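A.B. asks: I am attaching a structure below and will ask some questions about it afterwards.
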Amino acid sequence: MKVLGIDPGYERLGVAIVEKTAGREKLLFSDCFRTSSKKEMPNRILEIGNYLKKLIGEWKPEILAIEKLFFTTNQKTAMNVAETKGAITYIAKNAGLTLQEFTPLQIKIAITGYGKADKGHVSSMVKNLIDIKKNLPAGRQEQKILDDEYDAIAVALTCIASTRY
């Protein structure tokens, strides 16, 4: 089973492809895709959409696992992320992927066992759960992985842990 994990955003989009075979999870790919703040929102969404179509075509995941949105402050940011998430969902469903959404609380519990864990704790546990260095493409070092990527890997691992075979 291959899972495309997404930490949604329009400035920085965390993506990870994680595969489970023979009882083991393997990170196949991760990235933090960025769009320029100088571009208008529709163009940023288009860039994200084209990027995801390419990833889906290349890696052929069966499931899109995405973090549910939770905002308490900036409504403009919330709307832009919601628009981006809508485009991501459309692209995934159009490509035939199953969609699974997880709240930040579900992800934190699945990865750390503690619902109030901070980003540092989640990243640390992700490193313990999956061999990141071994599976990164040539030229990438673990220290170059950003929080958005760790979050996307965590979403994918949560999906795998919650999926029955």
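The values are calculated or read from the model by the stated rules, or taken from the named source; none is laboratory data. Here the structure is a predicted model, which is why all the values come from computation and not from measurement. In this analysis, Cβ positions are derived from the backbone assuming ideal geometry, glycine residues included, and neighbour counts consider all displayed protein chains.
A.B. asks: If you scan the stretch 71-97, which residues turn out to be touching a Leu at 6+ places or on another chain (Cβ under 7 Å) and closer than 16 Å to V3 by Cα?
C.D. replies: Within the stretch 71-97, I88, T89, I91, A92, K93, L97 meet the criteria.
A.B. asks: Kindly provide the set of residues from the stretch 1-43 that are among the small types (G, A, S) and farther than 18 Å from I91 by Cα, ordered by number. Lay out the reasoning, then the answer.
C.D. replies: First, pick out the residues of the stretch 1-43 that are among the small types (G, A, S): 5, 9, 14, 16, 22-23, 30, 36-37.
Listed by number, the residues that qualify are A22, G23, S30, S36, S37.
A.B. asks: Additional query: Taking K93 and the conditions (1) buried (at least 19 other Cβ atoms within 10 Å of the Cβ); (2) outside any strand (DSSP E or B), which numbered condition does it fall short on, given that it satisfies the others?
C.D. replies: (1)
A.B. asks: In the stretch 55-90, how many residues are crowded, with 17+ Cβ neighbours inside 10 Å, closer than 18 Å to R34 by Cα and of a type in the set (V, I, T)?
C.D. replies: Qualifying residue count for the region: 5.
A.B. asks: Okay, next question. Consider A65 against the criteria (1) in a helix (DSSP H, G or I); (2) small (G, A, S); (3) touching a strand residue (DSSP E or B) at 6+ places or on another chain (Cβ under 7 Å): it satisfies all of them except one. Which criterion is unmet?
C.D. replies: (1) is the only condition that A65 fails.
A.B. asks: Looking at the stretch 9-54 only, could you name the residues that are outside any strand (DSSP E or B), at pLDDT below 95 and surrounded by 19 or more Cβ atoms within 10 Å (Cβ to Cβ)?
C.D. replies: G9, Y10
A.B. asks: Looking at (1) more than 17 Å from G14 (Cβ to Cβ); (2) in a helix (DSSP H, G or I); (3) not aliphatic (A, V, I, L, M), which is the one condition that is false for K116?
C.D. replies: (2)
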